[in-house]
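The values are calculated or read from the model by the stated rules, or taken from the named source; none is laboratory data. Nothing here was measured: the structure is a model prediction, and the numbers come from that model. Note that each Cβ is placed from the backbone with ideal geometry, even for glycine, and that neighbours are counted across all protein chains shown. Just so you know, the surface numbers come from the protein's heavy atoms only, side chains and all, with ligands and any DNA or RNA stripped out. Shrake-Rupley method; radii C 1.70, N 1.55, O 1.52, S 1.80 Å.
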Amino acid sequence: MLMSMEKKFLQMSINNIKLYDMTELDQHLNEIEKQKVFNSIMLQLPIEVTSYTLSRNMEAYFRGIVDQFLDACHHEHLKEYLNFCLGELLTNSKKANTKRVYFKEKGLDINDPDDYAKGMENFKQDTFEAIDHYLEIQKKEGLYVKLKMHLKVDQIIIEIKNNCVLTKFEEERIKNKLEAAQQYHRMEDVVANVLDQSEGAGLGIIIIILMLEKVGLSKNNFRIYSTDTETITEMILPCDKTIFAGVEIISYEYANLQNKIPVIKQNFEKVNALVSSSSNNSIDKNSLLGFIRKDVTLSLLLLKYAREKDKNCFNLSKALNMISDDELKFIYSDSNPSCDFMDMTPEKEKLWGHAYKVAFFAYNLYKNSSDIDVEDGEEYFFLAGLMNNFGRVLLSTASEEQKSYIKELSDQYEGKSQKILDIFRLGNASNYLTLVYFRKFGFSEEEAWKLSTWNTLHLLNEEEKPIVSILYLAEMMCYYEEGKLDFYQLDKDILARYKITDEKQFKAVINKLESAL
(Lines give C-alpha, C1' and ligand atoms only; values in the text may rest on other atoms or scores of the structure.)
Protein backbone atom coordinates (compact mmCIF):
# COMPACT_ATOMS: atom_id res chain seq x y z
CA MET A 1 0.00 0.00 0.00
CA LEU A 2 1.07 3.59 -0.57
CA MET A 3 2.27 5.79 2.28
CA SER A 4 0.04 8.68 3.33
CA MET A 5 2.11 11.36 1.56
CA GLU A 6 2.00 9.35 -1.66
CA LYS A 7 -1.75 8.90 -1.23
CA LYS A 8 -2.10 12.63 -0.96
CA PHE A 9 -0.34 13.16 -4.26
CA LEU A 10 -2.33 10.46 -6.00
CA GLN A 11 -5.48 12.38 -5.06
CA MET A 12 -4.04 15.76 -6.04
CA SER A 13 -3.66 17.32 -9.46
CA ILE A 14 -3.43 20.81 -10.85
CA ASN A 15 -6.82 20.46 -12.55
CA ASN A 16 -8.47 18.51 -9.73
CA ILE A 17 -8.43 15.18 -11.57
CA LYS A 18 -10.80 12.61 -10.09
CA LEU A 19 -9.76 9.00 -9.48
CA TYR A 20 -12.32 6.41 -10.56
CA ASP A 21 -13.06 3.05 -8.99
CA MET A 22 -13.50 -0.08 -11.11
CA THR A 23 -17.31 0.13 -11.04
CA GLU A 24 -17.18 3.49 -12.80
CA LEU A 25 -14.48 2.37 -15.19
CA ASP A 26 -16.40 -0.72 -16.24
CA GLN A 27 -19.23 1.54 -17.38
CA HIS A 28 -16.87 3.10 -19.91
CA LEU A 29 -15.62 -0.17 -21.41
CA ASN A 30 -18.07 -2.55 -23.01
CA GLU A 31 -17.27 -6.19 -23.73
CA ILE A 32 -16.30 -5.50 -27.33
CA GLU A 33 -13.77 -2.88 -26.23
CA LYS A 34 -12.38 -5.19 -23.55
CA GLN A 35 -11.97 -7.90 -26.18
CA LYS A 36 -10.08 -5.45 -28.39
CA VAL A 37 -7.66 -4.77 -25.55
CA PHE A 38 -7.15 -8.50 -25.10
CA ASN A 39 -6.67 -9.04 -28.85
CA SER A 40 -4.07 -6.27 -29.01
CA ILE A 41 -2.09 -8.05 -26.28
CA MET A 42 -2.48 -11.49 -27.84
CA LEU A 43 -1.34 -10.20 -31.25
CA GLN A 44 1.18 -7.74 -29.75
CA LEU A 45 -0.35 -4.84 -31.67
CA PRO A 46 -0.61 -1.23 -30.47
CA ILE A 47 -3.98 -0.04 -29.19
CA GLU A 48 -4.74 3.66 -29.35
CA VAL A 49 -7.46 5.98 -28.01
CA THR A 50 -7.92 9.61 -29.10
CA SER A 51 -9.73 12.58 -27.57
CA TYR A 52 -9.92 16.21 -28.69
CA THR A 53 -11.34 17.73 -25.50
CA LEU A 54 -10.43 15.10 -22.88
CA SER A 55 -13.68 15.38 -20.93
CA ARG A 56 -13.99 13.75 -17.51
CA ASN A 57 -15.79 10.77 -19.05
CA MET A 58 -13.13 10.42 -21.72
CA GLU A 59 -10.38 10.52 -19.12
CA ALA A 60 -12.17 7.76 -17.23
CA TYR A 61 -12.30 5.81 -20.50
CA PHE A 62 -8.53 6.25 -20.95
CA ARG A 63 -7.99 4.99 -17.40
CA GLY A 64 -10.24 2.03 -18.08
CA ILE A 65 -8.14 1.05 -21.11
CA VAL A 66 -4.94 1.25 -19.05
CA ASP A 67 -6.43 -0.77 -16.18
CA GLN A 68 -7.75 -3.42 -18.57
CA PHE A 69 -4.38 -3.61 -20.34
CA LEU A 70 -2.43 -3.94 -17.08
CA ASP A 71 -4.85 -6.60 -15.81
CA ALA A 72 -4.42 -8.65 -18.97
CA CYS A 73 -0.62 -8.30 -18.72
CA HIS A 74 -0.70 -9.15 -15.00
CA HIS A 75 0.64 -5.78 -13.88
CA GLU A 76 -2.22 -5.03 -11.48
CA HIS A 77 0.26 -3.85 -8.85
CA LEU A 78 1.19 -0.86 -11.03
CA LYS A 79 -2.32 0.51 -11.50
CA GLU A 80 -2.42 2.74 -8.44
CA TYR A 81 0.88 4.40 -9.32
CA LEU A 82 0.20 4.66 -13.03
CA ASN A 83 -3.23 6.19 -12.49
CA PHE A 84 -1.53 9.25 -11.06
CA CYS A 85 1.11 9.30 -13.82
CA LEU A 86 -1.57 8.94 -16.48
CA GLY A 87 -3.66 11.78 -15.04
CA GLU A 88 -0.67 14.08 -14.91
CA LEU A 89 0.47 13.29 -18.44
CA LEU A 90 -3.00 13.61 -19.94
CA THR A 91 -3.42 16.97 -18.23
CA ASN A 92 -0.04 18.16 -19.52
CA SER A 93 -0.90 17.17 -23.09
CA LYS A 94 -4.31 18.80 -22.91
CA LYS A 95 -2.74 21.95 -21.45
CA ALA A 96 -0.13 22.04 -24.24
CA ASN A 97 -2.93 22.04 -26.82
CA THR A 98 -4.81 24.75 -24.94
CA LYS A 99 -1.64 26.83 -24.79
CA ARG A 100 -1.31 26.75 -28.59
CA VAL A 101 -4.83 27.98 -29.28
CA TYR A 102 -4.55 30.58 -26.48
CA PHE A 103 -1.34 32.04 -27.91
CA LYS A 104 -2.83 32.03 -31.40
CA GLU A 105 -5.97 33.85 -30.22
CA LYS A 106 -3.83 36.46 -28.43
CA GLY A 107 -1.69 36.97 -31.54
CA LEU A 108 1.46 35.80 -29.77
CA ASP A 109 4.32 33.70 -31.16
CA ILE A 110 4.80 30.77 -28.79
CA ASN A 111 8.37 30.32 -30.05
CA ASP A 112 9.39 33.93 -29.35
CA PRO A 113 10.95 34.42 -25.85
CA ASP A 114 9.23 37.75 -25.17
CA ASP A 115 5.85 36.60 -26.48
CA TYR A 116 6.16 33.36 -24.52
CA ALA A 117 6.80 35.20 -21.27
CA LYS A 118 3.95 37.62 -21.96
CA GLY A 119 1.50 34.86 -22.84
CA MET A 120 2.26 32.80 -19.74
CA GLU A 121 1.50 35.72 -17.42
CA ASN A 122 -2.27 35.22 -17.67
CA PHE A 123 -2.52 31.84 -19.41
CA LYS A 124 -3.53 29.87 -16.33
CA GLN A 125 -6.23 32.30 -15.15
CA ASP A 126 -7.65 33.09 -18.60
CA THR A 127 -7.99 29.47 -19.68
CA PHE A 128 -9.41 28.40 -16.32
CA GLU A 129 -12.21 30.96 -16.66
CA ALA A 130 -13.00 30.07 -20.30
CA ILE A 131 -11.86 26.48 -20.65
CA ASP A 132 -14.92 25.36 -22.69
CA HIS A 133 -14.17 28.09 -25.22
CA TYR A 134 -10.58 26.98 -25.67
CA LEU A 135 -11.47 23.28 -25.77
CA GLU A 136 -13.94 23.96 -28.57
CA ILE A 137 -11.21 25.73 -30.56
CA GLN A 138 -8.84 22.81 -29.93
CA LYS A 139 -11.44 20.41 -31.29
CA LYS A 140 -12.03 22.51 -34.42
CA GLU A 141 -8.29 22.71 -35.09
CA GLY A 142 -7.87 18.94 -34.65
CA LEU A 143 -5.59 19.14 -31.62
CA TYR A 144 -5.75 15.76 -29.94
CA VAL A 145 -4.53 13.79 -26.97
CA LYS A 146 -3.78 10.12 -27.67
CA LEU A 147 -3.11 7.16 -25.43
CA LYS A 148 -1.16 4.32 -27.03
CA MET A 149 -0.29 1.01 -25.36
CA HIS A 150 1.77 -1.78 -26.87
CA LEU A 151 3.02 -5.09 -25.49
CA LYS A 152 6.32 -5.86 -27.21
CA VAL A 153 7.54 -9.28 -26.06
CA ASP A 154 8.74 -8.47 -22.53
CA GLN A 155 7.92 -4.75 -22.33
CA ILE A 156 4.79 -2.64 -22.11
CA ILE A 157 5.11 0.69 -23.89
CA ILE A 158 2.70 3.44 -22.77
CA GLU A 159 2.64 6.66 -24.78
CA ILE A 160 0.71 9.89 -24.34
CA LYS A 161 0.77 12.00 -27.50
CA ASN A 162 -0.46 15.40 -28.57
CA ASN A 163 0.02 17.00 -31.97
CA CYS A 164 1.94 20.06 -30.77
CA VAL A 165 5.73 20.16 -30.99
CA LEU A 166 7.61 21.26 -27.88
CA THR A 167 9.04 24.77 -27.88
CA LYS A 168 12.65 25.22 -26.83
CA PHE A 169 11.40 26.78 -23.57
CA GLU A 170 9.27 23.74 -22.79
CA GLU A 171 12.14 21.40 -23.68
CA GLU A 172 14.44 23.26 -21.30
CA ARG A 173 11.87 23.20 -18.52
CA ILE A 174 11.32 19.45 -18.92
CA LYS A 175 15.08 18.83 -18.97
CA ASN A 176 15.46 20.77 -15.73
CA LYS A 177 12.67 18.81 -14.03
CA LEU A 178 14.17 15.48 -15.06
CA GLU A 179 17.54 16.56 -13.69
CA ALA A 180 15.92 17.84 -10.49
CA ALA A 181 14.18 14.51 -10.00
CA GLN A 182 17.56 12.91 -9.31
CA GLN A 183 17.93 15.03 -6.17
CA TYR A 184 14.80 13.80 -4.44
CA HIS A 185 13.78 10.50 -2.92
CA ARG A 186 10.84 11.58 -0.73
CA MET A 187 7.62 13.43 -1.52
CA GLU A 188 8.16 15.81 1.40
CA ASP A 189 11.45 17.03 -0.08
CA VAL A 190 9.77 17.72 -3.41
CA VAL A 191 7.03 19.82 -1.80
CA ALA A 192 9.50 21.79 0.26
CA ASN A 193 11.89 22.62 -2.59
CA VAL A 194 10.06 22.58 -5.92
CA LEU A 195 7.64 25.26 -6.98
CA ASP A 196 7.03 26.64 -10.45
CA GLN A 197 3.98 28.87 -10.57
CA SER A 198 4.42 29.89 -14.23
CA GLU A 199 2.86 26.70 -15.55
CA GLY A 200 1.31 25.06 -12.54
CA ALA A 201 2.97 23.53 -9.52
CA GLY A 202 5.73 21.94 -11.63
CA LEU A 203 5.75 18.86 -9.44
CA GLY A 204 4.28 16.41 -11.91
CA ILE A 205 7.33 15.17 -13.77
CA ILE A 206 9.38 14.85 -10.59
CA ILE A 207 6.63 12.92 -8.82
CA ILE A 208 6.18 10.62 -11.84
CA ILE A 209 9.88 9.71 -11.61
CA LEU A 210 9.49 9.05 -7.86
CA MET A 211 6.41 6.91 -8.53
CA LEU A 212 8.35 4.84 -11.06
CA GLU A 213 11.20 4.42 -8.57
CA LYS A 214 8.70 3.05 -6.05
CA VAL A 215 8.00 0.12 -8.39
CA GLY A 216 11.66 -0.51 -9.17
CA LEU A 217 11.97 1.62 -12.31
CA SER A 218 13.99 4.75 -13.02
CA LYS A 219 14.12 7.85 -15.22
CA ASN A 220 15.42 5.55 -17.99
CA ASN A 221 11.89 4.14 -18.16
CA PHE A 222 10.48 7.60 -18.87
CA ARG A 223 11.16 10.08 -21.65
CA ILE A 224 9.57 13.07 -23.37
CA TYR A 225 10.46 13.98 -26.95
CA SER A 226 9.08 15.61 -30.09
CA THR A 227 8.82 14.43 -33.68
CA ASP A 228 8.04 16.77 -36.57
CA THR A 229 4.35 16.67 -35.68
CA GLU A 230 3.87 15.36 -32.13
CA THR A 231 5.08 15.51 -28.55
CA ILE A 232 5.32 12.03 -27.06
CA THR A 233 5.68 11.05 -23.43
CA GLU A 234 6.72 7.43 -23.09
CA MET A 235 6.81 5.05 -20.14
CA ILE A 236 8.45 1.65 -20.58
CA LEU A 237 7.38 -1.06 -18.13
CA PRO A 238 9.30 -4.34 -18.12
CA CYS A 239 7.16 -7.45 -17.77
CA ASP A 240 7.54 -9.55 -14.63
CA LYS A 241 10.77 -11.53 -15.15
CA THR A 242 9.55 -14.47 -13.08
CA ILE A 243 6.31 -14.76 -15.06
CA PHE A 244 8.17 -14.32 -18.33
CA ALA A 245 10.70 -17.03 -17.38
CA GLY A 246 7.87 -19.32 -16.27
CA VAL A 247 6.11 -18.99 -19.61
CA GLU A 248 9.39 -19.72 -21.42
CA ILE A 249 10.01 -22.88 -19.38
CA ILE A 250 6.45 -24.13 -19.84
CA SER A 251 6.71 -23.49 -23.59
CA TYR A 252 9.87 -25.58 -23.78
CA GLU A 253 8.33 -28.36 -21.73
CA TYR A 254 5.10 -28.32 -23.72
CA ALA A 255 6.99 -28.47 -27.02
CA ASN A 256 9.02 -31.39 -25.68
CA LEU A 257 5.79 -33.23 -24.94
CA GLN A 258 4.82 -33.06 -28.61
CA ASN A 259 6.31 -36.31 -29.87
CA LYS A 260 3.46 -36.77 -32.31
CA ILE A 261 1.85 -34.47 -34.84
CA PRO A 262 -1.81 -33.65 -34.08
CA VAL A 263 -3.94 -34.82 -37.01
CA ILE A 264 -7.65 -34.27 -37.65
CA LYS A 265 -9.18 -37.71 -38.17
CA GLN A 266 -11.77 -36.61 -40.72
CA ASN A 267 -9.13 -35.01 -42.98
CA PHE A 268 -6.68 -37.85 -42.48
CA GLU A 269 -9.27 -40.42 -43.58
CA LYS A 270 -9.75 -38.61 -46.89
CA VAL A 271 -5.99 -38.61 -47.58
CA ASN A 272 -5.77 -42.24 -46.51
CA ALA A 273 -8.55 -43.13 -48.95
CA LEU A 274 -6.79 -41.22 -51.76
CA VAL A 275 -3.43 -43.01 -51.33
CA SER A 276 -5.02 -46.41 -50.64
CA SER A 277 -7.25 -46.35 -53.73
CA SER A 278 -4.22 -46.35 -56.01
CA SER A 279 -3.08 -49.90 -55.14
CA ASN A 280 -2.59 -50.86 -58.80
CA ASN A 281 -1.60 -47.41 -60.06
CA SER A 282 0.78 -44.70 -58.99
CA ILE A 283 -0.56 -42.15 -56.55
CA ASP A 284 -1.98 -38.99 -58.11
CA LYS A 285 0.45 -36.66 -56.35
CA ASN A 286 -1.12 -33.52 -57.76
CA SER A 287 -4.48 -34.39 -56.19
CA LEU A 288 -2.72 -35.38 -52.97
CA LEU A 289 -0.77 -32.12 -52.86
CA GLY A 290 -3.94 -30.12 -53.51
CA PHE A 291 -5.54 -31.69 -50.43
CA ILE A 292 -2.74 -31.78 -47.89
CA ARG A 293 -1.64 -28.18 -48.54
CA LYS A 294 -4.99 -27.07 -47.09
CA ASP A 295 -4.28 -28.85 -43.80
CA VAL A 296 -1.46 -27.50 -41.64
CA THR A 297 -0.67 -30.73 -39.77
CA LEU A 298 -1.01 -33.08 -42.76
CA SER A 299 1.52 -30.81 -44.50
CA LEU A 300 3.82 -30.92 -41.47
CA LEU A 301 3.54 -34.71 -41.43
CA LEU A 302 4.76 -34.87 -45.03
CA LEU A 303 7.53 -32.37 -44.28
CA LYS A 304 8.73 -34.45 -41.32
CA TYR A 305 9.54 -37.45 -43.53
CA ALA A 306 10.93 -35.33 -46.37
CA ARG A 307 13.37 -33.60 -44.03
CA GLU A 308 14.70 -37.00 -42.96
CA LYS A 309 15.97 -37.26 -46.54
CA ASP A 310 16.89 -33.59 -46.97
CA LYS A 311 17.15 -31.59 -43.74
CA ASN A 312 16.77 -28.31 -45.65
CA CYS A 313 13.56 -29.22 -47.46
CA PHE A 314 10.87 -26.55 -47.08
CA ASN A 315 8.72 -27.08 -50.15
CA LEU A 316 5.65 -29.32 -50.25
CA SER A 317 5.95 -30.10 -53.97
CA LYS A 318 9.58 -31.18 -53.60
CA ALA A 319 8.77 -33.08 -50.42
CA LEU A 320 6.08 -35.08 -52.21
CA ASN A 321 8.33 -35.89 -55.15
CA MET A 322 11.16 -37.23 -52.99
CA ILE A 323 8.90 -39.73 -51.19
CA SER A 324 7.85 -43.01 -52.83
CA ASP A 325 4.29 -44.25 -53.13
CA ASP A 326 4.90 -46.97 -50.55
CA GLU A 327 6.27 -44.40 -48.11
CA LEU A 328 3.27 -42.16 -48.70
CA LYS A 329 0.91 -45.05 -47.98
CA PHE A 330 2.70 -45.58 -44.65
CA ILE A 331 2.80 -41.87 -43.76
CA TYR A 332 -0.95 -41.54 -44.29
CA SER A 333 -1.91 -44.85 -42.68
CA ASP A 334 -3.50 -45.55 -39.29
CA SER A 335 -0.34 -47.39 -38.24
CA ASN A 336 1.91 -44.32 -38.51
CA PRO A 337 3.20 -43.75 -34.93
CA SER A 338 3.86 -40.06 -35.69
CA CYS A 339 0.14 -39.29 -35.77
CA ASP A 340 -1.95 -38.17 -32.82
CA PHE A 341 -5.53 -38.46 -34.07
CA MET A 342 -8.24 -36.11 -32.85
CA ASP A 343 -11.70 -35.00 -33.84
CA MET A 344 -12.46 -31.73 -35.56
CA THR A 345 -13.97 -29.06 -33.28
CA PRO A 346 -15.19 -25.54 -34.10
CA GLU A 347 -12.00 -24.09 -32.56
CA LYS A 348 -9.74 -26.37 -34.60
CA GLU A 349 -11.74 -25.71 -37.75
CA LYS A 350 -11.11 -21.98 -37.31
CA LEU A 351 -7.40 -22.45 -36.65
CA TRP A 352 -6.86 -24.85 -39.56
CA GLY A 353 -8.84 -22.53 -41.84
CA HIS A 354 -6.88 -19.51 -40.61
CA ALA A 355 -3.57 -21.26 -41.36
CA TYR A 356 -4.60 -22.11 -44.92
CA LYS A 357 -5.88 -18.61 -45.62
CA VAL A 358 -2.64 -17.04 -44.31
CA ALA A 359 -0.70 -19.41 -46.59
CA PHE A 360 -2.77 -18.43 -49.62
CA PHE A 361 -2.49 -14.71 -48.83
CA ALA A 362 1.30 -14.93 -48.24
CA TYR A 363 1.74 -16.82 -51.52
CA ASN A 364 -0.09 -14.11 -53.46
CA LEU A 365 1.56 -11.21 -51.63
CA TYR A 366 4.95 -12.63 -52.58
CA LYS A 367 3.89 -12.94 -56.23
CA ASN A 368 3.16 -9.22 -56.13
CA SER A 369 6.47 -8.30 -54.45
CA SER A 370 9.00 -7.48 -57.13
CA ASP A 371 11.71 -6.47 -54.64
CA ILE A 372 11.91 -9.73 -52.65
CA ASP A 373 13.83 -12.64 -54.10
CA VAL A 374 13.58 -16.01 -52.32
CA GLU A 375 14.45 -19.38 -53.82
CA ASP A 376 11.23 -21.24 -54.69
CA GLY A 377 9.56 -18.15 -53.26
CA GLU A 378 5.94 -19.01 -54.06
CA GLU A 379 6.20 -22.43 -52.40
CA TYR A 380 8.27 -21.02 -49.54
CA PHE A 381 5.76 -18.35 -48.61
CA PHE A 382 2.80 -20.69 -48.94
CA LEU A 383 4.36 -23.16 -46.51
CA ALA A 384 5.68 -20.42 -44.20
CA GLY A 385 2.19 -18.90 -44.04
CA LEU A 386 0.74 -22.30 -43.23
CA MET A 387 3.24 -22.92 -40.42
CA ASN A 388 4.05 -19.53 -38.90
CA ASN A 389 1.28 -19.57 -36.30
CA PHE A 390 1.76 -23.21 -35.36
CA GLY A 391 1.96 -22.45 -31.64
CA ARG A 392 -1.79 -21.72 -31.60
CA VAL A 393 -2.45 -25.06 -33.30
CA LEU A 394 -0.42 -26.84 -30.61
CA LEU A 395 -2.25 -25.02 -27.81
CA SER A 396 -5.60 -26.14 -29.24
CA THR A 397 -4.60 -29.81 -29.21
CA ALA A 398 -3.41 -30.24 -25.62
CA SER A 399 -4.54 -33.49 -23.98
CA GLU A 400 -5.84 -33.62 -20.42
CA GLU A 401 -2.59 -35.30 -19.39
CA GLN A 402 -0.53 -32.51 -20.95
CA LYS A 403 -2.69 -29.84 -19.33
CA SER A 404 -2.21 -31.52 -15.96
CA TYR A 405 1.56 -31.64 -16.41
CA ILE A 406 1.70 -27.97 -17.40
CA LYS A 407 -0.36 -27.11 -14.32
CA GLU A 408 2.14 -28.97 -12.11
CA LEU A 409 5.00 -27.03 -13.67
CA SER A 410 3.31 -23.68 -13.14
CA ASP A 411 2.52 -24.54 -9.50
CA GLN A 412 6.24 -24.36 -8.78
CA TYR A 413 5.95 -20.57 -9.11
CA GLU A 414 4.21 -19.83 -5.85
CA GLY A 415 1.84 -16.89 -6.07
CA LYS A 416 2.30 -16.55 -9.83
CA SER A 417 1.11 -19.92 -11.07
CA GLN A 418 -2.25 -18.76 -12.41
CA LYS A 419 -0.77 -15.74 -14.15
CA ILE A 420 1.76 -17.93 -15.94
CA LEU A 421 -0.95 -20.37 -16.98
CA ASP A 422 -3.20 -17.58 -18.23
CA ILE A 423 -0.50 -16.12 -20.46
CA PHE A 424 0.39 -19.58 -21.77
CA ARG A 425 -3.15 -20.87 -22.34
CA LEU A 426 -4.70 -17.72 -23.77
CA GLY A 427 -2.21 -17.52 -26.59
CA ASN A 428 0.03 -14.59 -25.65
CA ALA A 429 2.99 -16.99 -25.78
CA SER A 430 1.99 -18.79 -29.00
CA ASN A 431 4.74 -17.24 -31.12
CA TYR A 432 7.36 -18.32 -28.61
CA LEU A 433 5.86 -21.81 -28.64
CA THR A 434 6.12 -21.81 -32.45
CA LEU A 435 9.82 -20.94 -32.13
CA VAL A 436 10.51 -23.67 -29.58
CA TYR A 437 8.58 -26.33 -31.49
CA PHE A 438 10.35 -25.77 -34.79
CA ARG A 439 13.70 -25.78 -33.05
CA LYS A 440 12.79 -29.21 -31.72
CA PHE A 441 11.51 -30.23 -35.15
CA GLY A 442 15.03 -29.71 -36.49
CA PHE A 443 14.72 -26.35 -38.20
CA SER A 444 17.75 -24.07 -38.16
CA GLU A 445 17.68 -21.09 -35.82
CA GLU A 446 17.21 -18.76 -38.81
CA GLU A 447 14.26 -20.81 -40.12
CA ALA A 448 12.62 -21.05 -36.70
CA TRP A 449 12.92 -17.29 -36.12
CA LYS A 450 11.40 -16.42 -39.49
CA LEU A 451 8.43 -18.66 -38.72
CA SER A 452 7.76 -17.18 -35.29
CA THR A 453 8.41 -13.43 -35.42
CA TRP A 454 5.68 -12.15 -37.75
CA ASN A 455 4.35 -9.79 -35.05
CA THR A 456 7.71 -9.04 -33.40
CA LEU A 457 9.61 -7.74 -36.42
CA HIS A 458 11.78 -5.50 -34.22
CA LEU A 459 13.63 -8.64 -33.08
CA LEU A 460 14.89 -9.38 -36.61
CA ASN A 461 17.85 -8.01 -38.49
CA GLU A 462 17.11 -5.66 -41.39
CA GLU A 463 17.62 -8.17 -44.21
CA GLU A 464 15.08 -10.59 -42.70
CA LYS A 465 12.33 -8.02 -42.15
CA PRO A 466 11.08 -7.76 -45.78
CA ILE A 467 10.59 -11.56 -45.89
CA VAL A 468 8.79 -11.82 -42.56
CA SER A 469 6.74 -8.69 -43.30
CA ILE A 470 4.85 -10.72 -45.94
CA LEU A 471 3.84 -13.18 -43.23
CA TYR A 472 2.92 -10.26 -40.98
CA LEU A 473 0.65 -8.72 -43.59
CA ALA A 474 -0.98 -12.06 -44.45
CA GLU A 475 -1.71 -12.69 -40.77
CA MET A 476 -3.01 -9.15 -40.28
CA MET A 477 -5.38 -9.49 -43.24
CA CYS A 478 -6.85 -12.66 -41.78
CA TYR A 479 -7.16 -11.28 -38.25
CA TYR A 480 -8.70 -8.08 -39.63
CA GLU A 481 -11.25 -10.16 -41.49
CA GLU A 482 -11.98 -12.05 -38.27
CA GLY A 483 -12.65 -8.73 -36.50
CA LYS A 484 -9.68 -9.01 -34.13
CA LEU A 485 -7.98 -5.73 -35.05
CA ASP A 486 -8.60 -2.28 -36.53
CA PHE A 487 -6.85 -0.83 -39.55
CA TYR A 488 -5.02 1.86 -37.55
CA GLN A 489 -3.12 -0.86 -35.64
CA LEU A 490 -1.28 -2.04 -38.75
CA ASP A 491 2.32 -1.15 -39.58
CA LYS A 492 2.09 1.74 -42.06
CA ASP A 493 5.56 1.10 -43.52
CA ILE A 494 4.63 -2.47 -44.44
CA LEU A 495 1.33 -1.32 -45.94
CA ALA A 496 3.23 1.26 -47.99
CA ARG A 497 5.32 -1.50 -49.60
CA TYR A 498 2.08 -2.66 -51.22
CA LYS A 499 0.91 0.90 -51.93
CA ILE A 500 -1.91 0.57 -49.40
CA THR A 501 -2.64 3.99 -47.95
CA ASP A 502 -6.12 3.63 -46.48
CA GLU A 503 -8.62 1.12 -45.16
CA LYS A 504 -10.66 1.07 -48.36
CA GLN A 505 -7.62 -0.13 -50.35
CA PHE A 506 -6.81 -2.67 -47.64
CA LYS A 507 -10.32 -4.14 -47.80
CA ALA A 508 -10.15 -4.22 -51.60
CA VAL A 509 -6.93 -6.29 -51.51
CA ILE A 510 -8.48 -8.72 -49.02
CA ASN A 511 -11.65 -9.05 -51.11
CA LYS A 512 -9.59 -9.76 -54.23
CA LEU A 513 -7.62 -12.47 -52.43
CA GLU A 514 -10.80 -13.92 -50.93
CA SER A 515 -12.44 -14.19 -54.33
CA ALA A 516 -9.48 -16.23 -55.60
CA LEU A 517 -9.50 -18.73 -52.71
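Being part of a helix (DSSP H, G or I) and open to solvent by 20 Å² or more (accessible area, probe 1.4 Å) is the filter here; which residues of the range 355-389 pass it? Selection gives Y356, K357, F360, Y363, N364, Y366, K367, E378, E379, Y380.
This table checks each residue for (1) among the hydrophobic types (A, V, I, L, M, F, W, C); (2) part of a helix (DSSP H, G or I).
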| position | (1), (2) |
| --- | --- |
| R63 | no, yes |
| L89 | yes, yes |
| N97 | no, yes |
| G107 | no, no |
| D115 | no, yes |
| Q125 | no, yes |
| H150 | no, no |
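Across the range 285-316, the qualifying residues are those that are over 24 Å from K357 (Cα atoms) and in a loop (DSSP other than H, G, I, E, B), and the one among them that is least open to solvent (accessible area, probe 1.4 Å) is D310.
The one condition from (1) farther than 30 Å from A306 by Cβ; (2) touching a residue at least 60 places away in the same chain (Cβ under 8 Å); (3) of a type in the set (S, T, Y) that Y432 does not meet is (1). Contact map, the range 205-216: residues that are closer than 17 Å to H77 by Cβ and in contact (Cβ under 8 Å) with a residue 12 or more places away in the chain paired with residues that are surrounded by 15 or more Cβ atoms within 10 Å (Cβ to Cβ) and of a type in the set (S, T, N, Q), Cβ distance under 7 Å, separation 6+ or inter-chain. Pairs shown: L212/N221. Could you grab me the full set of residues in the range 397-411 that are in contact with a helix residue (DSSP H, G or I) (Cβ under 8 Å, 6 or more places away or on another chain) and in a loop (DSSP other than H, G, I, E, B)? Listed by number, the residues that qualify are T397, A398, D411.
Of the listed requirements (1) part of a loop (DSSP other than H, G, I, E, B); (2) of a type outside the set (A, V, I, L, M); (3) open to solvent by 50 Å² or more (accessible area, probe 1.4 Å), S515 misses just one: (1). Considering the range 224-261 alone, what residues qualify as being assigned to a loop (DSSP other than H, G, I, E, B) and under 29 Å from L300 (Cβ atoms)? The answer is Q258, N259, K260. When D340, D325, D334, D310 are checked against the criterion of being in contact with a Pro (Cβ under 6 Å, 6 or more places away or on another chain) and of a type in the set (D, E), a single residue qualifies: D340. Checked against (1) more than 15 Å from N388 (Cβ to Cβ); (2) touching a residue at least 60 places away in the same chain (Cβ under 8 Å), Q418 passes all but a single condition, namely (2).
Within the range 26-65, which residues are small (G, A, S) and without any contact (Cβ under 8 Å) to a residue 12 or more places away in the chain?
Scanning the range 26-65 gives a single hit, S55.
Remark: pairs (first residue in the range 349-377, without any contact (Cβ under 8 Å) to a residue 24 or more places away in the chain; second residue in a helix (DSSP H, G or I); Cβ separation under 6 Å; 6+ apart in sequence or on different chains) = Y363/E378; Y363/F381; Y363/F382; G377/Y366. Against the list (1) touching a Ser or Thr at 6+ places or on another chain (Cβ under 6 Å); (2) modelled with pLDDT under 90, the condition I47 fails is (2).
Results for (1) in a loop (DSSP other than H, G, I, E, B); (2) modelled with pLDDT under 90; (3) farther than 25 Å from D240 by Cβ, shown as yes or no for each residue.
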residue: R392; (1), (2), (3): no, no, no
residue: G415; (1), (2), (3): yes, yes, no
residue: K419; (1), (2), (3): no, yes, no
residue: D422; (1), (2), (3): no, yes, no
residue: N428; (1), (2), (3): yes, yes, no
residue: E447; (1), (2), (3): no, no, yes
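State whether the residues of the range 214-223 include one that is open to solvent by 40 Å² or more (accessible area, probe 1.4 Å), β-branched (V, I, T), in a loop (DSSP other than H, G, I, E, B) and at pLDDT below 90. Yes: one or more hits.
Could you tell me which residue of the range 434-470 is most open to solvent (accessible area, probe 1.4 Å), considering only residues that are aliphatic (A, V, I, L, M) and more than 21 Å from P46 (Cα to Cα)? Of everything passing the filter in the range 434-470, I467 is most open to solvent (accessible area, probe 1.4 Å).
Okay, residues lined up against (1) surrounded by fewer than 17 Cβ atoms within 10 Å (Cβ to Cβ); (2) modelled with pLDDT under 90; (3) hydrophobic (A, V, I, L, M, F, W, C):
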{"position": "M12", "(1), (2), (3)": "yes, yes, yes"}
{"position": "D21", "(1), (2), (3)": "yes, yes, no"}
{"position": "H28", "(1), (2), (3)": "no, yes, no"}
{"position": "E33", "(1), (2), (3)": "yes, yes, no"}
{"position": "L43", "(1), (2), (3)": "no, no, yes"}
{"position": "A60", "(1), (2), (3)": "no, yes, yes"}
{"position": "Q68", "(1), (2), (3)": "no, yes, no"}
{"position": "Y81", "(1), (2), (3)": "no, yes, no"}
{"position": "K94", "(1), (2), (3)": "no, no, no"}
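Listed by first and then second residue, the pairs linking a residue in the range 485-509 that is over 25 Å from E464 (Cβ atoms) to a residue that is acidic (D, E) and in a helix (DSSP H, G or I), with Cβ atoms under 9 Å apart and 6 or more places separating them unless they lie on different chains, are D486/E503; F487/E503; Y488/E503. On the stretch given as the range 234-275, residues that are more than 19 Å from the chain's Cα centre (by Cα), open to solvent by 10 Å² or more (accessible area, probe 1.4 Å) and not aliphatic (A, V, I, L, M) total 13. Taking the condition over 25 Å from E234 (Cβ atoms), surrounded by fewer than 17 Cβ atoms within 10 Å (Cβ to Cβ) and acidic (D, E), does E121 pass? In short, yes.
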